[in-house]
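Peer 1: Here you go, one structure.
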Amino acid sequence: MNDNDTHSDSGLAPRLARMKFRAWHRGTREADYMFGCFFDTRHTGWDEAALDWFERLLEEDDVDVMAWALGTQPVPQAFTGAEMDAMRRLDYVDIPR
C-alpha cells in the first residue's frame, strides 16, 4: 500500500493491509492474481459497504469465487452487484511475464 491511498488517513490502513495480505496469499497463483489484482485496482474507491463486501468475499472458497467471476457458476445474491460485475470483467488481472 502506498501513501497516496485514499483510505490511508482515515484509520483504515490496518484493515486494508489485512485485506491486501489475504488477497495476495490465497494459496494458488491463479487465486492470488484474481483476488490480489482486484484489490490493488479497486480498493481506493471503496466505501464501507464495498470494504465489507470484499472482506466477506475473502471468506469464501477460492474455487467458488473464481467460478462466479468466470461465469461457470451463478453468483449468490449476497455477492451480486457492481463489485462482482467488475470482478467478472477480469480486466484488472495483470500477470507479469
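The values are calculated or read from the model by the stated rules, or taken from the named source; none is laboratory data. For clarity, every value in this text was computed on a predicted model and none was experimentally measured. In this analysis, Cβ positions are derived from the backbone assuming ideal geometry, glycine residues included, and neighbour counts consider all displayed protein chains.
Peer 1: Any residue in the range 58-75 that's farther than 16 Å from Tyr33 by Cα: show its pairings with residues that are not polar (S, T, N, Q) at Cβ separation under 7 Å, as long as the two are six or more apart or on different chains.
Peer 2: Short answer, once both residue conditions are applied: Gly71/Arg88; Gln73/Asp64; Gln73/Ala67; Val75/Trp68; Val75/Met84.
Peer 1: Further, regarding this structure: Residues of the range 52-97 being more than 23 Å from Phe21 (Cβ to Cβ), charged (D, E, K, R) and not in a loop (DSSP other than H, G, I, E, B), which ones?
Peer 2: Across the range 52-97, the qualifying residues are Asp85, Arg88, Arg89.
Peer 1: Being crowded, with 18+ Cβ neighbours inside 10 Å and either more than 10 Å from Met19 (Cα to Cα) or in contact with a Pro (Cβ under 9 Å, 6 or more places away or on another chain) (or both) is the filter here, so list the residues in the range 38-51 that pass it.
Peer 2: Listed by number, the residues that qualify are Phe38, Trp46.
Peer 1: Let me ask you something else. Check off (1) in a helix (DSSP H, G or I); (2) small (Gly, Ala, Ser); (3) modelled with pLDDT under 95 for Ala49 and give me the number that stays unchecked.
Peer 2: All conditions pass for Ala49, except number (3).
Peer 1: On to the next question. Among Phe35, Phe21, which is the only one that is touching a Lys or Arg at 6+ places or on another chain (Cβ under 6 Å) and either among the hydrophobic types (A, V, I, L, M, F, W, C) or surrounded by 15 or more Cβ atoms within 10 Å (Cβ to Cβ) (or both)?
Peer 2: One residue alone meets the criteria, Phe35.
Peer 1: Let me ask another. Restricting to the range 52-66, give me the number of residues that are closer than 13 Å to Arg15 by Cβ and either among the acidic types (Asp, Glu) or at pLDDT below 95 (or both).
Peer 2: Here the count works out to 2.
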